[in-house]
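Structure first, commentary second.
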Amino acid sequence: MTVVVTGMGSVSCFGSGTTALWDGLLRADQLPVPAPDDCGLSFRPNFYAGPETRSPDDPSGSAPQDATHGVSSHAPGGRTSALIAAAVAEAVGEAGLTHEQLADAGLSVGTSLGDIDLAEPADSATAAAASAGSGPRGSDSAAGQAGEDERGLATHHVASVIAARFGIGGPNHTLSTACSAGAYAVSWGAELIETGQADLVLVCGGDAFSRVAVGTLERFELVDSEHCRPFDTARAGMVTGEGAVAMVLESAESARRRGATAHAELAAHAWSCDAHHPMAPEPTGEQLRRSVADVLADVPEAPGAVVLHRAGVAGNDTVEADAVGEALSVLIAPAEVVGSAPKAVMGHTAGAAGVFGCAIAALILRHGLVPPNAHVENVDPDCPLAVPVGNPVPLARPSVLVSGTGFGGNNAVLLWRAAE
Amino acid sequence: MRVLITGVGAVAQEPRPAGDGADDAWFDPVPHLGRRGWKYFSPATRYLLAAGNEAIGRRHSDEALTGAASECFGVVAGTEYAIAGVHRRMYDTLRTEGVRGISPAEVPAFSMNTPASQLAISAGARAFSVTVTNPVTAGLEAVHLAATALRTGRADRVVAAATDQAPPGVEGLGHDAAAAVLLTADSTDSADSTDSAGGPVGGSAGGSCEGALALAEITGGVSRFVPVDADGRWNPVALALGARRIAALAAGVEGSESTTRPRLVVSAPASAHEFAVAVREAVGDALDTPGSDVRDRHTEVQEARHCAVSGLLELVTLAKSGESALVVSVSGSGRLTAIALGNASRPEFH
């Protein structure tokens, strides 16, 4: 059964909307801003800030009123929920989904830390107020009473908040495989359709700024104090970014029946696990290579581009590029395939990154162009793929590979092709 | 293809009288994990390793799988609070001492996937390691995801597990626990070809459960969400639709040559009791159609006292008893996750 994309939505440091996302990728000049907090570091870290959001419950919020159908959330959620709600509203609007269709649709959310802002208030008083926001019916457990003890216990209610907000009544899941959570959320959403458990699934990812995340990353010297430059030889680590992105996946038959336009098709998807180390990738990249080989097993030709996970951490970047290059080399010289590292201009959006990768793949297929790589002075000579800088390049062949990797060696690889 | 439960494991803190205080002395890692190697693991990771190893039937000191066998072996774990305690501690440390106050050794504990990743590392599971984090229902969702992944050929064997430790010092969230089931694909009678759902993952499932004793069979799973209407009531259409989907699972259980009708077991936190009763009634109503029935439709709702592990603990108990059942995990936000458990008794497994 073929799974297609019929709607997308995005909020990121480029602002709201997939048009803004694509324009920002083509401009390739976005830089991070100072974080709101020093995160316990000796320097003020930078991050790629998302736009201001309203509460996902706010009727004047960015979601069109007709997308809510009078269904109100009973748990207000935090910033990640608000970001995801904005992205889902755009995707639902583009796909033209009705209330009835949403009532039987699935929801697959990828997030690393969920509504972590509820657990990281600027001061303790705000913390208590934030976590007391959910009423008794909104509590999954014993939240609902104010107090420091309750701080941040509702961080993983995102899927409930979004499902309630939009009346999404089908399968409801949150996947949290660290930085590949989004790639897994898309893949699992597709699997629900392929196995007949849903005709239509909203897949989305989101993460917001976290002091503890930035602090602990720097504890391992994984943070670049300037900006993210994954293809530059001077890269010094990752820079976190905020954002959320949503895609409407549905069976090709469902899209035909609704008269919806398919933007891209999922050709294959595969998972693997390094089972090597809680944080670092296995140095040979064998399991990632196996997943890439799995999705390329039956393709008629090599993909034109790869949207890499590549985040600016030199060791990880090299393992990924080598594994992808080795699997591609069965079909084509890897230098004939264009590598793209969008984190240079939007930061590492954690649980959203894999969904952004897939949405960017769909945009590349739609426009037939691969955006240039940003912030490159001296190109990493060890990358076996082509690395365009300065200007976008045409997509040579109409399929795009997306690679997602994360702590724990959680790999997911998806291959998208132009819709028929 | 059938999905069989060929092993179970659980560790659970027994509920204590109110005011007895938080106490993590209930779990001694040494018998489960040995004397060394677990010092920097979070409690949630320790519990998951203990339950997971028991379900797999391995000792902590056994070598991890390697090669092709490891590439057909996966892990799925559910958790709600795996990082809540460590995040609180780290946040306070950042604000008082700065990042230097955080030990690098405990940083991996600040990732929801770390319990599953550590189990994958110690057992050698390279097909996948997935973590699901929906409050309350994540444990049964892990089983649902694992069973689906077996059907699409992503693995031959999957440990579906859950682990939780509510943040210390917060009363009333639930008790510590982990539970796990080892799911094995049985292709010995796979005349049907309904499982060819497009996954590129290869690997034959045949023969992988040879010699394994099947405790029970997973015949299906359903996940639904019931929103609240503007008037504050659970949306009746969504509730009825969800109940019908859950009730439809009963047909699959009865199809597995069970002579007794499946039990209906509903698990929910005390705060969601009212909704759970509504779900139980709706599923019961949906079952009152010819050809599908469960025993004890008026059974009391079981209180989910172990966070996201609760539903899986019910499943483990039922699998051990050999009873066929519909197990439904209900969250206060409106999420329903149901797993159908069939009697696996078949000559080839005796």
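The values are calculated or read from the model by the stated rules, or taken from the named source; none is laboratory data. The structure displayed is predicted, hence computed values, not measured ones. Glycine gets a Cβ as well: all are built from the backbone with ideal geometry, and neighbour counts include every protein chain shown.
Does segment B:202-243 hold any residues that are within 20 Å of B:GLY57 (Cα to Cα) and modelled with pLDDT of 90 or more, and which are they? Listed by number, the residues that qualify are B:ALA214, B:LEU215, B:ALA216, B:GLU217, B:ILE218. Report whether or not B:PHE41 is in a loop (DSSP other than H, G, I, E, B), among the aromatic types (Phe, Trp, Tyr), in contact with a Phe, Trp or Tyr (Cβ under 9 Å, 6 or more places away or on another chain) and touching a residue at least 60 places away in the same chain (Cβ under 8 Å). It is false that B:PHE41 is in a loop (DSSP other than H, G, I, E, B), among the aromatic types (Phe, Trp, Tyr), in contact with a Phe, Trp or Tyr (Cβ under 9 Å, 6 or more places away or on another chain) and touching a residue at least 60 places away in the same chain (Cβ under 8 Å).
Quick check: anything in segment B:172-189 of a type in the set (Ser, Thr, Tyr), surrounded by 24 or more Cβ atoms within 10 Å (Cβ to Cβ) and touching a Lys or Arg at 6+ places or on another chain (Cβ under 6 Å)? Scanning segment B:172-189 turns up no residue that is of a type in the set (Ser, Thr, Tyr), surrounded by 24 or more Cβ atoms within 10 Å (Cβ to Cβ) and touching a Lys or Arg at 6+ places or on another chain (Cβ under 6 Å). Of all residues in segment A:1-26, those that are within 16 Å of the chain's Cα centre (by Cα) and within 14 Å of A:ALA361 (Cα to Cα) total 9.
Of the listed requirements (1) among the hydrophobic types (A, V, I, L, M, F, W, C); (2) within 26 Å of B:GLY37 (Cβ to Cβ); (3) under 21 Å from the mean Cα position of the chain (by Cα); (4) more than 7 Å from every other protein chain (Cβ to nearest Cβ), B:MET112 misses just one: (4). Being within 14 Å of chain A (Cβ to nearest Cβ), among the charged types (D, E, K, R) and within 13 Å of B:LEU140 (Cα to Cα) is the requirement here; does B:ARG335 meet it? Here the answer is yes, as B:ARG335 does meet what is asked. Kindly provide the set of residues from segment A:199-228 that are part of a loop (DSSP other than H, G, I, E, B) and in contact with a strand residue (DSSP E or B) (Cβ under 9 Å, 6 or more places away or on another chain), ordered by number. Result: A:ASP199, A:ALA208, A:PHE209, A:SER210, A:LEU222, A:ASP224, A:SER225, A:GLU226, A:HIS227, A:CYS228.
For segment A:280-327, the set of residues classified as touching a Pro at 6+ places or on another chain (Cβ under 6 Å), of a type outside the set (Gly, Ala, Ser) and within 12 Å of chain B (Cβ to nearest Cβ) consists of A:ASP294, A:VAL295, listed by residue number.
Look through A:ALA323, A:ALA305, A:ALA352 and report the one residue that is buried (at least 23 other Cβ atoms within 10 Å of the Cβ), among the aliphatic types (A, V, I, L, M) and within 22 Å of A:SER176 (Cβ to Cβ).
Details: A:ALA323 fails: within 22 Å of A:SER176 (Cβ to Cβ); A:ALA305 fails: within 22 Å of A:SER176 (Cβ to Cβ).
It is A:ALA352.
Would you point out which residue out of B:ALA180, B:ALA155 is at pLDDT 95 or above and under 15 Å from the mean Cα position of the chain (by Cα)?
B:ALA180
The residues on offer are B:VAL136, B:VAL143, B:VAL181, and the sole one that is part of a strand (DSSP E or B) and among the aliphatic types (A, V, I, L, M) is B:VAL181. B:ARG100 satisfies every condition listed in (1) of a type in the set (Lys, Arg); (2) touching a residue at least 40 places away in the same chain (Cβ under 8 Å); (3) farther than 23 Å from B:LEU315 by Cα except (2).
Applying a threshold of 8 Å to beta carbon distances and a minimum spacing of six or more residues, or different chains, the list of pairs starting in segment A:351-371 at a residue that is at positive phi and ending at one that is among the hydrophobic types (A, V, I, L, M, F, W, C) reads A:GLY368/A:LEU395. For segment A:232-261, the candidate set comprises residues that are under 20 Å from the mean Cα position of the chain (by Cα) and outside any strand (DSSP E or B); within that set, the residue that is surrounded by the fewest Cβ atoms within 10 Å (Cβ to Cβ) is A:GLY237. Among the residues of segment B:254-268, not one is at pLDDT below 60 and closer than 16 Å to B:ALA243 by Cβ. The set of residues in segment A:185-237 being closer than 27 Å to B:PHE128 by Cα and touching a Gly at 6+ places or on another chain (Cβ under 6 Å) consists of A:ALA185, A:LEU192, A:GLU194, A:ALA198, A:VAL201, A:VAL203, A:GLY205, A:ASP207, A:LEU222, A:PRO230, A:GLY237. Of all residue pairs spaced 6 or more apart or on separate chains, those with beta-carbon atoms under 8 Å, a first member in segment B:123-149 that is at the interface with another protein chain (Cβ under 7 Å from one of its Cβ atoms) and charged (D, E, K, R) and a second member that is crowded, with 24+ Cβ neighbours inside 10 Å and in a helix (DSSP H, G or I) are B:ARG126/A:GLN287; B:ARG126/B:GLU71; B:ARG126/B:ALA120. Of the set (1) more than 30 Å from B:PHE73 (Cβ to Cβ); (2) in contact (Cβ under 8 Å) with a residue 40 or more places away in the chain, all apply to A:HIS276 but (1). Would you point out the residue of segment A:23-38, among those that are assigned to a loop (DSSP other than H, G, I, E, B) and in contact with a Phe, Trp or Tyr (Cβ under 9 Å, 6 or more places away or on another chain), that is modelled with the lowest pLDDT? Only one residue fits best here, namely A:ASP37.
Here segment B:81-100 is the region considered, the condition is being among the small types (Gly, Ala, Ser) and within 8 Å of chain A (Cβ to nearest Cβ), and the residue that is surrounded by the fewest Cβ atoms within 10 Å (Cβ to Cβ) is B:GLY98. Hey, any hits in segment B:66-77 for a residue that's at negative phi, at the interface with another protein chain (Cβ under 8 Å from one of its Cβ atoms), in contact with a Ser or Thr (Cβ under 7 Å, 6 or more places away or on another chain) and of a type in the set (D, E, K, R)? Checked against the condition, which is being at negative phi, at the interface with another protein chain (Cβ under 8 Å from one of its Cβ atoms), in contact with a Ser or Thr (Cβ under 7 Å, 6 or more places away or on another chain) and of a type in the set (D, E, K, R), segment B:66-77 yields no hits at all. A:LEU97 meets all of the listed conditions (1) outside any loop (DSSP other than H, G, I, E, B); (2) more than 11 Å from chain B (Cβ to nearest Cβ) but one, namely (1).
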